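Asker: The structure under discussion is supplied below as structure tokens; questions concerning it will follow.
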Amino acid sequence: MRTRRPPILNRACDVATSMEGEIGRRLEAVTEQWILPTPLANPAILEMFRDRDRKPLQNRAPWAGEYAGKYLTHAVQICRLTRDKRLKDHIKWFVKELISLQAKDGYLGPFPAGSHLTRFAPNSIDTYVWTDNGFTYVDGNNQSTWDAWGHYHIMLGLILWHDLTGDTKALGCARKIADLFCNKFLNSGKRLVSVGSTEMNLAPIHALCLLYERTGQGRYLAMAKEIEKDFRAKSAGDYIRQALAGKEFYQTPKPRWESLHPIQGIAELYFITGQDKYRQAFEQIWWSIVKLDRHNNGGFSSWEKAQGNPYHPGSIETCCTVAWMALSVDMLRMTGTSIVADELELSTLNSGLGMMSPSGRWVTYNTPMEGRRTASPVDCTAFQARPGQPELNCCSVNGPRALGIIDDWALMTDGNGLVVNYYGPCEMTASLAKKRITIQQTTNYPMTGKIILRIQSKQTANFCLKLRIPHWSAETRVSVNGKSVGKVVPGEYLAIERKWRSGDLVRLNLDMSLHYWVGEKECRGKTAIFRGPILLAYDPRFNEIGPAKLPALDSKQPKGRRVSAKSWLEPWMLWEYTAIDGRKLRLCDYASAGAAGDPYKSWLAVRNISKARFSRQNPLRSKRN
């Protein structure tokens, strides 16, 4: 019998975090402008469950049941980060209302009796179909549902709320949903794979594993393993066998982004059972996405699925990138590899912030490598907006999770010490060996690479402090209380084991010189420029030079200077460089580019730089001159 394989890294115990700087501002903005107002502005987020049997039936998108769960998930994760009492009280109210709308048999979806967890529902209306070029309007109704998918997201949100607060009613609601799955599909001759939209509707495997880990209820694991068998159905993704055969993710039967959530279930099955096939399959899929489908901005997918081409210009949906970040947290837990945390930072600070309005009021549907950003209610209104939910769509309820996920990876533990993955102005406190340890960061990173960590504790404490050394930081200097620390290796954790005293100072100086990813295929002849983890981008708002014929930069003369846009809408970062022809080119951080609606570019002309091939030591394919 296999033995359980606990994660190598986990979120540190009893973490209390105070974020400052741009991340802190964004957390406050999204709480005030989105999370708190959303239910009153979009009452159907709850009322769709109350109205599911009321005649005449209300028109619902096939995935409408996901809205409440995705909203709850990001609200809880952001509450963990901010410890905002108003937000916590708000979520408590929302959860209470949501639980009250659950049917006696555990059903908590928007479809009428007779259509619960079935393939179709009479009020599931989708007048758009997916093509290789995006959504296309069709004259007709598609009555298939994503009912199991919606329940998955509700279960996930309720589990996270229970983990944060100990709310037994929330856990009970999630268990009733799990019991419904078991009663309907376990040892009944019916298969979950039969309900359609298989990569979506097989996602409950992840939540069932999470519930098993918290309750020990054997049939939840048994149901998860039945869903694993469903992976092998002709209409499903065959994730494990395909990955073990060495197939790239885009070559598998179901390379859409929704598959990432059932794939999270594979990671949990490894932690639960210790069977190495799960680990091998999961790692193969993760590395395949990094290599072939993670774009220069840290976003995942093109036209909502893996294409095997990181240069593909298709839309990069917000939900796809959020799912990618959640998958990466599991990869970090599984492997303890610091480069995975580098990937999380890349996605968070570029695509994650870029998908959000600086106000916190809206997120995009598409956050392209270059182009324009449009609020998701605009892009998605035609096929997702309904009376009572003008702002609700798959991305609006999911995008803020890009911020909330920070709490999963910022400060972790390997069981013996603390692992610092997140750099930025903040204060993070966690329990370690019955002692409260605070790590206070004084820095304006990623504006600069200078970071000071102050250790604070009421008592001295023996433990190992691991610091993430980004793979892109070619030369990193570290000192403790002024004494230099050696053996600092890019792409690895620097382990400092000692007796820590309150007031001890750790100083890091990361290499923030420019590094370059030379494009291929659709981006041939162009280059992505990075300053530390930040992708630089051209926005015409900050330049006198138009976008048609941008001058080339010379990698041999990469030095720039920080400047101000002298605008009421200042970018987070703005740097001025001298082009080869002597003109001044201003580049801002990718997250700020296009914030005013301007078209932006992140693939630019750079001379005197050669290609770097992808490797697991350099997944960004970047190099310096």
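Asker: Is it the case that some residue within the range 53-62 is closer than 13 Å to residue 392 by Cα and modelled with pLDDT under 95?
Answerer: Within the range 53-62, one or more residues are closer than 13 Å to residue 392 by Cα and modelled with pLDDT under 95.
Asker: Of the residues 130, 161, which single one is out of contact with any strand residue (DSSP E or B) (no Cβ under 6 Å at 6 or more places or on another chain), assigned by TED's automatic domain parsing to the domain that holds residue 262, at negative phi and modelled with pLDDT under 95? Reasoning before the result, please.
Answerer: Details: 161 fails: modelled with pLDDT under 95.
So the residue among 130, 161 that is out of contact with any strand residue (DSSP E or B) (no Cβ under 6 Å at 6 or more places or on another chain), assigned by TED's automatic domain parsing to the domain that holds residue 262, at negative phi and modelled with pLDDT under 95 is 130.
Asker: Applying the selection to the range 164-190, what residues are at pLDDT 95 or above and among the polar types (S, T, N, Q)?
Answerer: 165, 168, 183
Asker: Still on this structure, please answer the following. Working only within the range 551-577, note down all residues that are modelled with pLDDT under 95 and either closer than 21 Å to residue 526 by Cβ or among the polar types (S, T, N, Q) (or both).
Answerer: Result: 556, 557, 558, 560, 567.
Asker: In the range 168-202, how many residues are of a type outside the set (A, V, I, L, M, F, W, C), part of a loop (DSSP other than H, G, I, E, B) and under 25 Å from the mean Cα position of the chain (by Cα)? Spell out the reasoning first.
Answerer: Quick first cut of the range 168-202, residues of a type outside the set (A, V, I, L, M, F, W, C) only: 168-169, 172, 175-176, 179, 183-184, 187-191, 194, 196-199, 201.
Checking the rest, the ones that are also part of a loop (DSSP other than H, G, I, E, B) come to 187-191, 196-197.
Keeping just the survivors that are under 25 Å from the mean Cα position of the chain (by Cα) gives 197.
Counting residues in the range 168-202 that are of a type outside the set (A, V, I, L, M, F, W, C), part of a loop (DSSP other than H, G, I, E, B) and under 25 Å from the mean Cα position of the chain (by Cα) gives 1.
Asker: Then there's this: Return the residues of the range 464-476 that are crowded, with 20+ Cβ neighbours inside 10 Å, more than 18 Å from residue 619 (Cα to Cα) and touching a Gly at 6+ places or on another chain (Cβ under 9 Å); say none if nothing qualifies.
Answerer: Within the range 464-476, 465, 466 qualify.
Asker: Moving on to the next point. Considering each of 117, 27 in turn, give the residue that is in the same structural domain as residue 146 (by TED's automatic domain parsing), buried (at least 18 other Cβ atoms within 10 Å of the Cβ) and hydrophobic (A, V, I, L, M, F, W, C).
Answerer: Result: 117 is the single residue among 117, 27 that is in the same structural domain as residue 146 (by TED's automatic domain parsing), buried (at least 18 other Cβ atoms within 10 Å of the Cβ) and hydrophobic (A, V, I, L, M, F, W, C).
Asker: Quick check on the range 525-548: of everything there that is closer than 20 Å to residue 444 by Cα and part of a loop (DSSP other than H, G, I, E, B), which residue is nearest to the chain's Cα centre (by Cα)?
Answerer: Of everything passing the filter in the range 525-548, 533 is nearest to the chain's Cα centre (by Cα).
Asker: Of all residues in the range 451-482, how many are more than 20 Å from residue 429 (Cα to Cα) and under 29 Å from the mean Cα position of the chain (by Cα)?
Answerer: Adding up the residues that qualify gives 8.
Asker: Given the options 613, 607, 621, 562, name the one that is at positive phi and not small (Gly, Ala, Ser). Lay out the reasoning, then the answer.
Answerer: Working: 613 fails: at positive phi; 607 fails: at positive phi; 562 fails: at positive phi.
The conditions single out 621.
Asker: Still on this structure: Going through the range 76-105 one residue at a time, which ones are closer than 17 Å to residue 160 by Cα, acidic (Asp, Glu) and either touching a residue at least 24 places away in the same chain (Cβ under 8 Å) or touching a Lys or Arg at 6+ places or on another chain (Cβ under 8 Å) (or both)?
Answerer: Result: 84, 97.
The values are calculated or read from the model by the stated rules, or taken from the named source; none is laboratory data. In this text the structure is predicted, and so the values were computed from the model without any measurement. Heads up, the Cβs are rebuilt from the backbone with ideal geometry, glycines too, and the neighbour counts pull from every protein chain shown.
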